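Take a look at the structure below.
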Amino acid sequence: MTVTDQARAFLAMALCGALLGAVYDALGALRRGRLLTAAADLLFGVLAAAAVIAAALVLRCDAYRLYTLLGVGAGFALYQCSIGTTVRFLKGRFRKLSEKAKN
C-alpha cells in the first residue's frame, strides 16, 4: 500500500471514528443503571468493530493496521473535543429542563 493509500485510509477511518463518537453520545441515553450501562457498552463495542471492518472492506485495506486504528481514535477524540462537547452540554440542559417540566 502506498503512502497516499494509507493517508486516504487514515482519513476515512477518522471519519468513521467521528461517527462512532456520535453513536457513543446517542447510546448515552441508555446508560441508566449497571445493567443498561453494560448493555450499551457492549452494543457500542460490537458497532465499533463492525464499522471499522465495514470501512476497511470498502477501502480494500487491512482493518487492523496501526494507521487505521489511530485514525479511528483520532476521529473519536476530535469529535469528543469539538462537537461532542456541545452535544453533551445541550443534552444536560435538556435533561434539566425536562426535570423542571416534570415537577
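The values are calculated or read from the model by the stated rules, or taken from the named source; none is laboratory data. It should be emphasised that the depicted structure is a prediction, and the values quoted were computed from it without experimental measurement. Positions of Cβ are generated from backbone atoms using ideal geometry, with glycine treated the same way; all protein chains shown enter the neighbour counts. These accessible areas exclude ligands, DNA and RNA; they are computed on the full protein's heavy atoms, side chains included. Shrake-Rupley method; radii C 1.70, N 1.55, O 1.52, S 1.80 Å.
Charges were assigned to the Cβ only: +1 to each Lys and Arg, -1 to each Asp and Glu. The resulting dipole of the range 37-99 about its Cα centre is roughly 260 debye. At 1.4 Å probe size, with the rest of the protein present, what percent of the exposed accessible area of the range 1-47 is carbon and sulfur atoms? Reported share for carbon and sulfur atoms: 76 percent. Please calculate the 1.4 Å probe accessible area of Val72, with all protein chains present, and give it to the nearest 10 Å². Here the accessible area works out near 20 Å².
For the chain, the Kirkwood radius over C-alpha pairs fed into Stokes-Einstein at 10 °C and 1.306 mPa s yields D = 106 µm² per second.
Taking every protein chain into account, the accessible area of the chain amounts to 69 square angstrom per residue (probe 1.4 Å). With a cut-off of 15 Å between beta carbons, the residues surrounding Arg65 carry a summed charge of 0, where Lys and Arg count +1 and Asp and Glu -1.
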